[in-house]
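The values are calculated or read from the model by the stated rules, or taken from the named source; none is laboratory data. Computed from a predicted model, the values in this text were never measured in an experiment. Note that each Cβ is placed from the backbone with ideal geometry, even for glycine, and that neighbours are counted across all protein chains shown. With ligands, DNA and RNA removed, areas are computed over all heavy atoms of the protein, side chains included. Shrake-Rupley method; radii C 1.70, N 1.55, O 1.52, S 1.80 Å.
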Amino acid sequence: MILFKQADTLSRYLAKVHLEGKTTGFVPTMGALHDGHLALVESAKTNTDVTVVSIFVNPTQFNDPADFKKYPVSIDQDVRLLLEHGADILFLPSQTEIYPAGTGRPKQYELGTLESRLEGAFRPGHFQGVCQVMDRLLGIVTPDRLFMGRKDYQQCMIIEKLIRLEKFTTKLEIVNTVRESDGLAMSSRNMRLSARERSIAPSIYEALQYVKKNIQQGNQELLLAKAKELLAEHSFRIEYLELTDAENLEPVCDWDGKRGMVAIVAGFINEVRLIDNLPV
Ligand code: AMP
């Protein structure tokens, strides 16, 4: 695995890789790697010639500075895991490498209503920050394929939009959510759960499964209310739990029994914010 810290050196190296006719797969992460990230690496390795992984905790996507400060960092272990899983390149940039002009007056993107729904409503500015870092990273890496997790469903839709807006030729590949054996979606934030919090965390997945099992054509209000009750019983502080159209994440109140939907949830167990979703 080759380690790059500078954007222009990495770009020059990858230009040569492309000239040799090899394809590149890119897995952007914020580190504290787990099996969910490693599934993206595996998928990139299977589908492209050269796998590039980046680790950068992007300050502009944290609407809460305390959350940014508390974000887990485990770089030595991350390097070990990437070596074990055969990543070819690790990009480990500094903040000035990603934002040479600083973060004071960042570029803004026209993301439409998707930006202000669900995650966007509870984390103002979050998706602008995601687009700022991904625009820069895609410009540096110019990958043939980009591998991202379905766990961040809305983020995947935002990145599809960014790719269209900025006319990148990269193809987005969405990889299924990797879960613990009790159903909890793997997340770097799970490390911050105490033993007691960890024991109740799978209730998020249980609530989504409850929705999936019990959904019927027609109005969904009662079903969602029951799923919310389930979560509240476990002291989960819900920010949102919605049934949404899988194509555009608009809320679905009356289901025609046909169109694809996603049940999507976010909230806190004490201080730790968790999100998850399930296709219905
Ligand atoms: P993060 O480091 O949290 O920014 O995540 C980096 C990438 O890993 C994103 O594309 C996430 O959607 C993806 N990811 C995070 N958790 C999982 C998971 N449990 N299963 C699959 N992909 C995941």
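What the table shows:
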{"read-out": "Search result, residues across region 143-156 that are more than 21 Å from Leu243 (Cβ to Cβ) and either of a type in the set (Lys, Arg) or open to solvent by 70 Å² or more (accessible area, probe 1.4 Å) (or both)", "value": "Arg145"}
{"read-out": "Residue tally, condition assigned to a helix (DSSP H, G or I) and either near the ligand (Cβ under 10 Å from one of its atoms) or open to solvent by 20 Å² or more (accessible area, probe 1.4 Å) (or both), over region 1-15", "value": "6"}
{"read-out": "Residue count, region 162-205 (criterion: more than 16 Å from the ligand (Cβ to nearest atom), closer than 14 Å to Gly267 by Cα and either of a type outside the set (Val, Ile, Thr) or out of contact with any strand residue (DSSP E or B) (no Cβ under 9 Å at 6 or more places or on another chain) (or both))", "value": "2"}
{"read-out": "Extreme residue, nearest to the ligand (Cβ to nearest atom), among residues of region 106-126 that are in contact with an Asp or Glu (Cβ under 9 Å, 6 or more places away or on another chain) and over 15 Å from Thr244 (Cβ atoms)", "value": "His126"}
{"read-out": "Test: Glu242 is in contact with a Pro (Cβ under 6 Å, 6 or more places away or on another chain) and either open to solvent by less than 70 Å² (accessible area, probe 1.4 Å) or not basic (Lys, Arg) (or both)", "value": "yes"}
{"read-out": "Residues (part of a loop (DSSP other than H, G, I, E, B) and touching a helix residue (DSSP H, G or I) at 6+ places or on another chain (Cβ under 9 Å)) located in region 248-280", "value": "Asn248, Leu249, Glu250, Cys253, Asn270, Glu271, Val280"}
{"read-out": "Residue satisfying all of: in region 57-70; outside any helix (DSSP H, G or I) and either open to solvent by 60 Å² or more (accessible area, probe 1.4 Å) or near the ligand (Cβ under 9 Å from one of its atoms) (or both); nearest to Arg123 (Cα to Cα) among these", "value": "Asn63"}
{"read-out": "Unmet requirement for Leu274, which otherwise passes all of (1) within 14 Å of Val211 (Cβ to Cβ); (2) within 19 Å of the chain's Cα centre (by Cα)", "value": "(1)"}
{"read-out": "Wholly enclosed helices (runs of 4 or more DSSP H) of region 77-155 bearing at least 3 residues not polar (S, T, N, Q)", "value": "119-122, 126-141"}
{"read-out": "Residue in region 103-126 that is β-branched (Val, Ile, Thr) and surrounded by fewer than 19 Cβ atoms within 10 Å (Cβ to Cβ) present", "value": "yes"}
{"read-out": "Unmet requirement for Cys253, which otherwise passes all of (1) under 22 Å from the mean Cα position of the chain (by Cα); (2) open to solvent by 80 Å² or more (accessible area, probe 1.4 Å)", "value": "(1)"}
{"read-out": "Scan of region 16-46 for residues that are in contact with a Ser or Thr (Cβ under 8 Å, 6 or more places away or on another chain), part of a helix (DSSP H, G or I) and away from the ligand (no atom under 13 Å from the Cβ), ordered by number", "value": "Val17, His18, Lys45"}
{"read-out": "Selection within region 127-137 - within 13 Å of the ligand (Cβ to nearest atom) and either of a type in the set (A, V, I, L, M) or open to solvent by 10 Å² or more (accessible area, probe 1.4 Å) (or both)", "value": "Val130, Val133, Met134, Leu137"}
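Here is a yes/no grid of residues against (1) farther than 19 Å from Val141 by Cβ; (2) of a type outside the set (Phe, Trp, Tyr); (3) at pLDDT 95 or above:
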residue: Gln6; (1), (2), (3): no, yes, yes
residue: Phe26; (1), (2), (3): no, no, yes
residue: Ala32; (1), (2), (3): yes, yes, yes
residue: Gly36; (1), (2), (3): yes, yes, yes
residue: Lys69; (1), (2), (3): yes, yes, no
residue: Arg80; (1), (2), (3): yes, yes, yes
residue: His85; (1), (2), (3): no, yes, yes
residue: Glu97; (1), (2), (3): no, yes, yes
residue: Gln108; (1), (2), (3): yes, yes, yes
